[in-house]
Amino acid sequence: MSNILSRDKYIETHVTYERYLTAAQGAEQQGHEHWMDGIPVTKSVYEFVREFRAKRPHAMFTASKRMMASTLGGAMVYNGLDVVYPDAPELRAGTVFTDSGKYCVRSERIANEKYSAGSEYYTVKQTQDIKKAVKTAMQFVRPFTFDEIQGKNKWQLTSAVESVRDPAASKLRNKLSVHMGDVADEIANMIASGYVPATRSFREALDLMVNEGAELKRLKDYKPRTCFVWSQASSLSYRFTDSGEIITVHNLADVPEVLSTKLAVLNIADAGSAIADVGVRINKSMFWVFV
């Protein structure tokens, strides 16, 4: 039976399915022995990850960028795996790997003062003791909290609100930036008669303001109340940004209607495309809702 994952089973963090598939096919052809969650790995990484999984069984592993080693048979296998968790598989919680005989753990939560902040090893702890390495992984490569998930996606909120504002501001700017010659002609016409726009640009600006002006002005300065929503395997958590309280429900019927109706729309919307007065879907489990 093949160890190779199908595209829908593969978790893509920083290695594309195509790159993984090339490595996996080569390893399988060489009869490589050590595999973890469908990823061909070195023996030392296999032992490291097996110990870690024994203590954190719901952790999931996938191919890690630039973590490759050659076997005696010439196959390329991974000497490092990215760690993700079921409630946020899109976000890498950390990386476990080996380097020069040492077991290594990489995580954004690590600040290794032995290295400068710009060094790739600033976020790495390493040891020759596998038990210590597993303990480090348990400490730093843990599931994300709601605060961490929300913090990682704050830029999505800023981007979404701006994408609602910008078209309105641009449309107003384009129509209301009238050529000086037209301004002079229009003023003369206003003096000479009751106000009926004489220039095309003024007529277009007037039509725009009559038909869309109020809505465009509203959207130009759009600043909705917002709520971050994280849908997990067996629950849903949300927090309004003007509140410190994280609310978790285990039954979708308990989600407030002001959220549920908009989440229904966002679930079928394109990821990253903001909808005014609705929100933006970040991925299949995370949302910013405009309430």
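Observations on the model:
- Spans of strands (runs of 3 or more DSSP E) in region 86-156 with at least 3 residues surrounded by fewer than 18 Cβ atoms within 10 Å (Cβ to Cβ) and aliphatic (A, V, I, L, M): none
- First in region 198-211 and over 12 Å from residue 174 (Cα atoms), second anywhere and acidic (Asp, Glu) and modelled with pLDDT under 75, Cβ under 7 Å, 6 or more apart: 198/185; 198/186; 199/185; 199/186
- Taken over region 217-272, the criterion of being crowded, with 18+ Cβ neighbours inside 10 Å, assigned to a helix (DSSP H, G or I) and either among the hydrophobic types (A, V, I, L, M, F, W, C) or at pLDDT below 95 (or both) is satisfied by 219, 259, 263, 266.
- Scan region 157-178 for residues that are of a type in the set (A, V, I, L, M) and either closer than 20 Å to residue 84 by Cβ or not in a helix (DSSP H, G or I) (or both) and the total you get is 1.
- Here residue 163 meets each of (1) within 16 Å of the chain's Cα centre (by Cα); (2) buried (at least 16 other Cβ atoms within 10 Å of the Cβ); (3) in contact (Cβ under 8 Å) with a residue 60 or more places away in the chain with one exception, condition (1).
- One residue stands out in region 276-291 among those that are aliphatic (A, V, I, L, M) and touching a residue at least 60 places away in the same chain (Cβ under 8 Å): the one that is surrounded by the most Cβ atoms within 10 Å (Cβ to Cβ), namely 280.
The values are calculated or read from the model by the stated rules, or taken from the named source; none is laboratory data. Since the model is a prediction, treat every value here as computed from it, not as a measurement. Neighbour counts run over all protein chains shown; Cβ positions are idealised from the backbone, glycine included.
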